[in-house]
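Participant: Dumping the structure here so I can ask a few things about it.
We did not get these values from a lab; they are worked out from the coordinates using the rules stated. Values in this document were obtained by computation on a predicted structure and should not be read as measured data. Neighbour counts are summed over all protein chains in view; Cβ atoms, including those assigned to glycine, are modelled from backbone coordinates with ideal geometry.
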């Protein structure tokens, strides 16, 4: 969910929501998802204006601000709920994701195989209110300072043209 703070800064992104998806639990809670037994991934749902920013640019930012080579983890966060995933809602989004992953793999961009799963979005649920805008509401919290803030800084440095002004 540390990517939530990044995508809130992206020009053309209209809404960002932290949530859970692609698991078997019908109404997951954070406590349930943390066990790793729900099959759910922690995800960020984006609504964006395709007249301003395209799917490819969104995914390029996504691949910059997380590690797509770690299976079932992101940094110190370990478990299937932290898997790298792109959950598409249109065939076009899937095609763009597949093409980008193929290009990055051929270029050996990450020095290790990309393990990001690309699957249809299933069973999406918004996370609890206290998870929404977490970085914005808790900028001095240790995890935010150690994980979310560097991701946002990396975005601003690399994709300054896409930052909201």
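Participant: Assign one of three labels to the range 96-154, namely rounded, prolate or oblate, based on the Cα gyration tensor with a ≥ b ≥ c the square roots of its eigenvalues; rounded applies when a/c is under 1.5, prolate when it is not and a/b is larger than b/c, and oblate otherwise.
Facilitator: In terms of gyration-tensor shape, oblate.
Participant: How much of the DSSP beta bridge set in the chain is antiparallel, as a percent to the nearest 5?
Facilitator: 75
Participant: Ok, one more. Which values, in whole Å and largest first, are the semi-axes of the equivalent ellipsoid of the range 123-165 obtained as the square root of 5 times each eigenvalue of the Cα gyration tensor?
Facilitator: Working: eigenvalues 98, 48, 17 Å².
Sorted largest first and rounded, they come to 22, 16, 9 Å.
Participant: Roughly how far apart, in whole Å, are the Cα centres of the range 55-85 and the range 122-165?
Facilitator: Here the answer is 14 Å between Cα centres.
Participant: Next question, about the same structure. So what's the chain giving for Cα Rg divided by 2.2 N^0.38 Å, two decimals?
Facilitator: In units of the 2.2 N^0.38 Å rule of thumb, it is 0.99.
Participant: Can you tell me which of 30-41, 121-132 comes out highest on packing, and rank the rest after it, using the mean Cβ neighbours within 10 Å?
Facilitator: Descending mean neighbour count gives 30-41, 121-132.
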